[in-house]
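Okay, structure first, notes after.
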Amino acid sequence: MNRLEILFSTKKHHILNVYGTAGFPKLNSTLEMMRSLQECGADMMELGMPYSDPLADGPVIQHSNAIALSNGMTMQKLFAVLKDFRKEIHIPVILMGYLNPVLQFGFEKFCAAAASVGIDGLIIPDLPEFEFENEYGTIIKKYGLSFSFLVTPETPDVRVKKLDSLSSGFLYAVSASATTGGNTHVSDIASYFNRLQLLNLKNPVLVGFGIKDKNSFNTACRYAQGAIIGSAYIAALGKNENVNAATKSFLSSITG
C-alpha cells in the first residue's frame, strides 16, 4: 500500500490535512513548514504550487501565491527543494495547483518529477474530467500518483459517482460553491454531506473550504473521514515569522 492508503486504512476519522503554499512566507520556508506540520500533528499535507491566477482560492491563499512568486518560487525550485524531503517527511504529501504551470513545465515531466521525489498525489482543480479520462489520467497512473477530483453541493449524484470513480486517494468535498477561506458554515450544509454518505463512494472523503478552527474541523469530521485546512493556516503563518511557532500554535488550537 502507498502512504495515502496506509493512512486511510489505519485512521478512519478526524484526518487532518493542512495546505501550505510553497515559498511562503519566505522562499526557504517550505521544508521548515513541512517539518512543522508533521511534528505538530498533521496527518497529511497539501503543498500549493504558486500560480498567478489561482481561481479556486480566496484572497488569503491568492496573497500567499503572490508572495511566493515574488520570493522567486518556481516549479524548478520547488522540485529542487523537495529532492530529499522524504529523508525526514513521512506523512503523505499532495501537490495542489493549476493546470497551466504544469503544462508549461511539461505534464509527463511534472508527474515523473513528482513521483521521483516522493510525492503521493495531485489536486489540479481546473483539469477537466474529459482530458483526465482521455489523456492525463493515464500519465498520472503511470507514475503511481493519486488524483483527487473536487465535488460541490451543486454536483449531481451521478457526477459525484463518476468523479469518485476517477479519483484515487480521496475525494475532495468542497463545502460550498465558493472560493477557499470564505464564511461557509459547515453545519449549514449537513444535507449535502449526508447525501455523499448515502452514495457509498469508493474513496474516503475529505471536506475543504471554510474549515478554520476546532469547531468547524470537528463538525466536518462528523460527515467525512477528515477535513482540509488552508486559508486559516496561511493566515496564521502570515502573522508570525517563526514558522514552527505559528504552526504549533495553530495546530494545537485544532487538535488540542
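The values are calculated or read from the model by the stated rules, or taken from the named source; none is laboratory data. Just so it is clear, the model here is predicted, and its values are computed rather than measured. Cβ placement follows ideal geometry from the backbone for every residue including glycine, while neighbour counts extend to all protein chains displayed.
May I ask you to list pairs of residues, at least six apart or on different chains, whose Cβ atoms are under 7 Å apart, with the first in the range 144-170 being more than 20 Å from Ala227 (Cα to Cα) and the second being part of a helix (DSSP H, G or I) and at pLDDT 95 or above?
If the second residue must be part of a helix (DSSP H, G or I) and at pLDDT 95 or above, the pairs left are Gly144/Ala115; Leu145/Cys111; Leu145/Ala114; Leu145/Ala115; Leu166/Glu129; Leu166/Phe132; Leu166/Glu133; Leu166/Gly137.
Among the residues of the range 25-42, count how many are in contact with a strand residue (DSSP E or B) (Cβ under 8 Å, 6 or more places away or on another chain) and either assigned to a loop (DSSP other than H, G, I, E, B) or crowded, with 24+ Cβ neighbours inside 10 Å (or both).
Adding up the residues that qualify gives 5.
State whether one or more residues within the range 53-68 are in a helix (DSSP H, G or I), under 20 Å from Lys87 (Cα atoms) and either modelled with pLDDT of 95 or more or not β-branched (Val, Ile, Thr) (or both).
No, the range 53-68 contains no residue that is in a helix (DSSP H, G or I), under 20 Å from Lys87 (Cα atoms) and either modelled with pLDDT of 95 or more or not β-branched (Val, Ile, Thr) (or both).
Go through the range 103-140 residue by residue and tally those that are in contact with a helix residue (DSSP H, G or I) (Cβ under 8 Å, 6 or more places away or on another chain) and in contact (Cβ under 8 Å) with a residue 40 or more places away in the chain.
Qualifying residue count, the range 103-140: 3.
Residue by residue through the range 102-114, note down the ones that are crowded, with 16+ Cβ neighbours inside 10 Å and within 16 Å of Pro50 (Cα to Cα).
Val102, Phe105, Phe110, Ala114
Would you pick out the residues in the range 209-230 that are buried (at least 24 other Cβ atoms within 10 Å of the Cβ) and in contact (Cβ under 8 Å) with a residue 60 or more places away in the chain?
Selection gives Gly226, Ala227, Ile228, Ile229, Gly230.
How many residues, within the range 159-183, are modelled with pLDDT of 95 or more, polar (S, T, N, Q) and assigned to a loop (DSSP other than H, G, I, E, B)?
So the count comes out to 2.
Suppose we keep only residues that are in a loop (DSSP other than H, G, I, E, B) and of a type in the set (A, V, I, L, M) within the range 202-256. Which one would you say is nearest to His13 (Cα to Cα)?
Of everything passing the filter in the range 202-256, Ala224 is nearest to His13 (Cα to Cα).
Which one is surrounded by the most Cβ atoms within 10 Å (Cβ to Cβ), of the residues in the range 115-126 that are hydrophobic (A, V, I, L, M, F, W, C) and either more than 15 Å from the chain's Cα centre (by Cα) or more than 15 Å from Pro101 (Cα to Cα) (or both)?
Ile119
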